[in-house]
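Structure first, commentary second.
The values are calculated or read from the model by the stated rules, or taken from the named source; none is laboratory data. These figures come from a predicted structure and were not determined experimentally. Don't worry about glycine lacking a Cβ; one is built from the backbone with ideal geometry, like all the others, and counts go over all protein chains shown.
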Amino acid sequence: MLLHRLYPEVEAAQGLAPPNVAEQVLHADFLVALRIAEAANLLAHDSGRYPLTGVGDVNTYALFAETFAQLVRDEGRAGFIVPTGIATDDGTKAYFGDLTQSGRLASLYDIENRERLFPAVDRRMKFCLLTLGRTVAAEFVCFATQAVQLAEPPRRFRLTPDEFRPINPNTLTCPVFPSERDAELTKKVYRAAPVLIADGPHERNPWGISFMRQLDMANDRGLFRDAPAPGRLPLYEAKVVHQFDHRWATCAADGSSSDVAVDAKQDPNFRVTPRYWVDATEVESGLAVKGWSRGWLMGWRDICRATDERTVIASVVPRVGVGSQMPLMLFAPREDMRAFAALLGNLSSLTVDFVARHKTGGTPMKYFVFKQLPVLPPDR
């Protein structure tokens with residue numbers, strides 16, 4: 001019971017066998033808090049008061065930021081401190097896109113708390129000094145750890161409304177550049193290559209890509225088997241693959257994984273041992289719904305970081321079961337198979353990785369980030 005775990009001294013003092021009064025009070029308090037949270041969420045969604053940030057799982061700092069944008073006069077200014085996610089997260093893209101495209105974002109100074117600028121705040125917390133006001137180009141500083149760094153010229157860069165659109169056309173969110181040189185180089189990359197998929201009424205999807213999460217590692221756990229058998233396929237997890245390598249790691253009997261030795265990779269008949277197997281019918285039925293008939297699958301590692309050796313890790317695997325941490329790309333029919341090899345090479349390039357590092361804030365390589373990577377179209 002909950003009381004046993006959290007408040008054993010209360011239970012002992014009352015001499016009551018659970019369920020008891022203290023536990024019932026705790027449960028009632030929880031229900032009140034839950035109702036307040038749901039009511040606040042409903043107000044944000046349906047009142048019309050927050051048209052830009054009252055979406056999804058509402059965060060109050062976003063509502064706070066939208067209130068400032070509503071109150072400031074057209075010729076006035078407003079400055080406030082909010083998490084940097086206001087400029088980079090998918091849930092606040094409508095708000096930030098409205099600021100940038102209307103020329104109302106004056107500056108954003110991103111600060112990490114690694115040096116304990118605020119001792120009571122977690123060191124991993126990123127916040128920003130956001131200033132609203134009419135301007136031709138917004139000014140940015142990213143990855144600062146001290147206030148004096150905000151004045152260092154190499155760190156400062158500017159972006160006009162027109163320069164946001166090629167870099168993040170779907171979300172109009174802010175890429176996070178450590179220096180002006182990084183910003184200029186990224187702008188040059190996007191002048192040479194468009195995003196992988198451009199959303200909107202005039203969608204551009206030259207590769208004909210549709211996405212698929214084949215087997216969820218939590219929700220589909222009941223389908224997983226611990227041993228191979230006739231009619232079963234291996235279940236490839238993201239950790240098994242790497243760039244140009246579908247035999248990067250293999251699993252031991254206890255479920256632990258280790259890198260495949262070079263000698264084993266030189267054997268063309270070597271196959272990795274997965275942690276689980278899954279019935280082939282589960283795999284084939286899902287692919288049949290998508291109309292996928294090829295004997296291979298292409299996807300990318302969902303878990304990544306901007307500080308890893310490589311951020312975008314895309315690979316091709318056999319027609320097997322694939323875990324949810326490796327989202328798949330399925331393609332429209334195409335005769336020339338060399339195009340798919342070229343796409344994989346593009347996704348594995350240092351150029352794409354350089355850009356991805358400026359867009360990846362957390363650990364997941366989210367769909368909205370992946371779709372906005374610079375990728376040469378098939379006719380190139």
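With the checklist (1) surrounded by 13 or more Cβ atoms within 10 Å (Cβ to Cβ); (2) part of a helix (DSSP H, G or I); (3) not small (Gly, Ala, Ser) in hand, flag the one item residue 70 doesn't pass.
Here residue 70 clears every test but (1).
Being within 16 Å of residue 249 (Cα to Cα), in a strand (DSSP E or B) and hydrophobic (A, V, I, L, M, F, W, C) is the filter here; which residues of region 298-324 pass it?
Correct list: 300, 303, 314, 316, 317, 322.
Tell me, yes or no, whether region 124-146 has at least one residue that is out of contact with any strand residue (DSSP E or B) (no Cβ under 8 Å at 6 or more places or on another chain), part of a helix (DSSP H, G or I) and modelled with pLDDT of 90 or more.
No, region 124-146 contains no residue that is out of contact with any strand residue (DSSP E or B) (no Cβ under 8 Å at 6 or more places or on another chain), part of a helix (DSSP H, G or I) and modelled with pLDDT of 90 or more.
Does residue 322 satisfy being of a type in the set (Val, Ile, Thr), assigned by TED's automatic domain parsing to the domain that holds residue 292, more than 21 Å from the chain's Cα centre (by Cα) and more than 30 Å from residue 143 (Cα to Cα)?
Here the answer is no, as residue 322 does not meet what is asked.
For residues that are surrounded by fewer than 15 Cβ atoms within 10 Å (Cβ to Cβ) and not acidic (Asp, Glu), scanning just region 321-338, find the one that is modelled with the lowest pLDDT.
In this case the residue turns out to be 334.
When only residues in region 292-319 that are surrounded by fewer than 15 Cβ atoms within 10 Å (Cβ to Cβ) and of a type in the set (Val, Ile, Thr) count, which is farthest from residue 359 (Cα to Cα)?
303
Inside region 27-41, can you point out the residues that are modelled with pLDDT under 90, farther than 17 Å from residue 92 by Cα and either among the hydroxyl-bearing types (Ser, Thr, Tyr) or surrounded by 11 or more Cβ atoms within 10 Å (Cβ to Cβ) (or both)?
27, 37, 40
Restricting attention to region 144-155, and to residues there that are within 11 Å of residue 109 (Cα to Cα) and in contact with a helix residue (DSSP H, G or I) (Cβ under 8 Å, 6 or more places away or on another chain), which single residue is surrounded by the most Cβ atoms within 10 Å (Cβ to Cβ)?
My answer is 144.
Let's see how each residue does on (1) under 18 Å from the mean Cα position of the chain (by Cα); (2) of a type outside the set (Gly, Ala, Ser); (3) surrounded by fewer than 19 Cβ atoms within 10 Å (Cβ to Cβ):
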{"site": "85", "(1), (2), (3)": "yes, no, no"}
{"site": "91", "(1), (2), (3)": "yes, no, yes"}
{"site": "99", "(1), (2), (3)": "no, yes, no"}
{"site": "110", "(1), (2), (3)": "no, yes, no"}
{"site": "120", "(1), (2), (3)": "no, no, yes"}
{"site": "139", "(1), (2), (3)": "no, yes, yes"}
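Could you figure out which of (1) modelled with pLDDT under 90; (2) closer than 25 Å to residue 67 by Cβ isn't true of residue 116?
Checking residue 116 against (1) modelled with pLDDT under 90; (2) closer than 25 Å to residue 67 by Cβ, the one that fails is (2).
Would you confirm, using the coordinates I've provided, whether residue 43 is of a type in the set (A, V, I, L, M, F, W, C), in a helix (DSSP H, G or I) and on the phi < 0 side of the Ramachandran plot?
So residue 43 fits the description; yes.
Within region 93-111, how many residues turn out to be free of Cβ contacts under 8 Å to residues at least 40 places away in the same chain and either β-branched (Val, Ile, Thr) or over 27 Å from residue 371 (Cβ atoms) (or both)?
The qualifying residues number 3.
Hey, which of the strands (runs of 3 or more DSSP E) in region 246-297, taking only ones fully inside, have at least 3 residues that are touching a Leu at 6+ places or on another chain (Cβ under 7 Å) and more than 15 Å from residue 224 (Cα to Cα)?
Result: empty, no element qualifies.
Which pairs do you get when a residue that is under 14 Å from residue 83 (Cα atoms) and in the same structural domain as residue 72 (by TED's automatic domain parsing), found in region 117-136, comes within reach of a residue that is of a type in the set (Gly, Ala, Ser) and surrounded by fewer than 16 Cβ atoms within 10 Å (Cβ to Cβ), reach meaning Cβ atoms under 8 angstrom, with the pair 6+ apart or on two chains?
129/79; 130/79; 131/79
Results for (1) assigned to a loop (DSSP other than H, G, I, E, B); (2) modelled with pLDDT under 90; (3) among the small types (Gly, Ala, Ser), shown as yes or no for each residue.
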residue	(1), (2), (3)
172	yes, yes, no
182	no, no, no
189	no, no, no
201	yes, yes, no
210	no, no, yes
229	yes, no, yes
233	no, no, no
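Yes/no per residue for (1) aliphatic (A, V, I, L, M); (2) under 21 Å from residue 110 (Cα atoms); (3) not assigned by TED's automatic domain parsing to the domain that holds residue 96:
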| position | (1), (2), (3) |
| --- | --- |
| 35 | no, no, yes |
| 39 | yes, no, yes |
| 61 | no, yes, no |
| 70 | no, no, no |
| 73 | no, no, no |
| 79 | no, yes, no |
| 83 | no, yes, no |
| 86 | yes, yes, no |
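All but one of (1) out of contact with any Asp or Glu (no Cβ under 8 Å at 6 or more places or on another chain); (2) among the aliphatic types (A, V, I, L, M); (3) touching a residue at least 24 places away in the same chain (Cβ under 8 Å) hold for residue 233; which doesn't?
Condition not satisfied by residue 233: (1).
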